[in-house]
Amino acid sequence: MNELYPIFLKVNQLNTLIVGAGFVGLEKLSFLLKSSPQAHVTIVAKEVSEEISQIASENERITLIQDAYQEKYLLGKHIVIAATDDKAVNKQIYLDAKERYLLVNVADTPQYCDFYLGGIVTKGNVKIAISTNGKSPTTAKRLRQLFEETIPEDINTMVENINKYRETLKGDFEYKVDALNKLTEGLVKKEVKE
């Protein structure tokens, strides 16, 4: 059973810490920046890959600290991603983060994750997140590719137009929901049962 509760975080308003700057750290950073280019990210690592150094040099919202992990780096953070190649360090990051009630993800270690980084499809203002409950990232990737191909490129125009219409509606929340439901019901093809 998938007990995950999907949310969309405004990471450009939060402080994210990534510990580790190798291949896994690069993957986590790239995923984060692809979804939220204005994210505030601090990266702590003893050794930093050329790719991460390059990304950090081109983005003023990324702070790069060449050092071993220390508890002090959790100060002022909201989200923590442990991406080192040392399981003991990753576990310590998890324990330290949990003591501070921070959301934490330890790469490739589901038991030490409060959240997973699933597949994401973005078309303008439309964003769809895909999760397999940490069981099959490859399946999430394939579903992402399917949605990218099938969702029309002009969906953002439709979303913008519906938003303009929504702003003209008078009445309470229930009235607005009903009006918008009627407007958008044609988006889903209804199966005809015989």
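For this structure, a couple of remarks:
- Residue within the stretch 91-104 that is aliphatic (A, V, I, L, M), in the same structural domain as Leu17 (by TED's automatic domain parsing) and under 14 Å from the mean Cα position of the chain (by Cα) present: yes
- Filter result for Lys170 (in the same structural domain as Ala83 (by TED's automatic domain parsing) and either in a loop (DSSP other than H, G, I, E, B) or under 30 Å from Gln70 (Cα atoms) (or both)): no
- You will find that of Ile52, Ile43, Ile81, Ile62, the residue that is at pLDDT 95 or above, in contact with a Lys or Arg (Cβ under 6 Å, 6 or more places away or on another chain) and surrounded by 15 or more Cβ atoms within 10 Å (Cβ to Cβ) is Ile81 and no other.
- The single condition from (1) part of a helix (DSSP H, G or I); (2) within 28 Å of Ser136 (Cβ to Cβ) that Glu3 fails is (1).
- The set of residues in the stretch 123-164 that are touching a helix residue (DSSP H, G or I) at 6+ places or on another chain (Cβ under 7 Å) and of a type outside the set (Lys, Arg) comprises Gly124, Asn125, Val126, Ile128, Ile130, Ser131, Thr132, Gly134, Ile162.
- In this entry, Lys176 is excluded by the filter for residues that are free of Cβ contacts under 8 Å to residues at least 40 places away in the same chain, within 30 Å of Asp108 (Cβ to Cβ), of a type in the set (D, E, K, R) and surrounded by 12 or more Cβ atoms within 10 Å (Cβ to Cβ).
- Counting only residues that are surrounded by fewer than 19 Cβ atoms within 10 Å (Cβ to Cβ) and part of a helix (DSSP H, G or I), the stretch 97-118 holds 4 of them.
The values are calculated or read from the model by the stated rules, or taken from the named source; none is laboratory data. Here the structure is a predicted model, which is why all the values come from computation and not from measurement. Heads up, the Cβs are rebuilt from the backbone with ideal geometry, glycines too, and the neighbour counts pull from every protein chain shown.
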